[in-house]
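Just below is one structure, and these are the notes that go with it.
The values are calculated or read from the model by the stated rules, or taken from the named source; none is laboratory data. What you are looking at is a predicted structure, and each value in this text was computed from that prediction instead of being measured. Every residue, glycine among them, receives a Cβ derived from its backbone with ideal geometry; neighbour counts consider all protein chains shown.
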Amino acid sequence: MSIDSFANPDAISRPSADDVRAWEIEFAAAARRPLEQRMKYAFIQTYKPVLDDAPFRSFATMRDYREWCQAHLPDWLGYGTV
């Protein structure tokens, strides 16, 4: 999907009838699973370097927090400034 698709919603391709049927079948199968099983697989724990390496951190101000993020976190985590 290109950035132009967001500016022009008509440029977004529509799913085929087969795709929609496949999604409905998958949804129905998921809905039949017990809640406990659905919750188990609903959340994926992903290790985040630096963020997950300490049980907690606290900062006096939001500015301190943002400066710490900028200095310590990898760019791909998305905590940098734009």
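Which pairs do you get when a residue that is without any contact (Cβ under 8 Å) to a residue 12 or more places away in the chain, found in segment 23-38, comes within reach of a residue that is among the aromatic types (Phe, Trp, Tyr) and part of a loop (DSSP other than H, G, I, E, B), reach meaning Cβ atoms under 9 angstrom, with the pair 6+ apart or on two chains? Pairs that qualify, where the first residue is without any contact (Cβ under 8 Å) to a residue 12 or more places away in the chain and the partner is among the aromatic types (Phe, Trp, Tyr) and part of a loop (DSSP other than H, G, I, E, B): there are none.
In segment 54-77, the residues that are at positive phi and in a helix (DSSP H, G or I) never reach a residue that is charged (D, E, K, R) and surrounded by 12 or more Cβ atoms within 10 Å (Cβ to Cβ) with C-beta atoms less than 8 angstrom apart, at least six apart or across chains. So Gly80 ticks every box in (1) among the small types (Gly, Ala, Ser); (2) modelled with pLDDT of 95 or more; (3) surrounded by 10 or more Cβ atoms within 10 Å (Cβ to Cβ); (4) not in a helix (DSSP H, G or I) but one. Which box is left unticked? Result: Gly80 passes all but (2).
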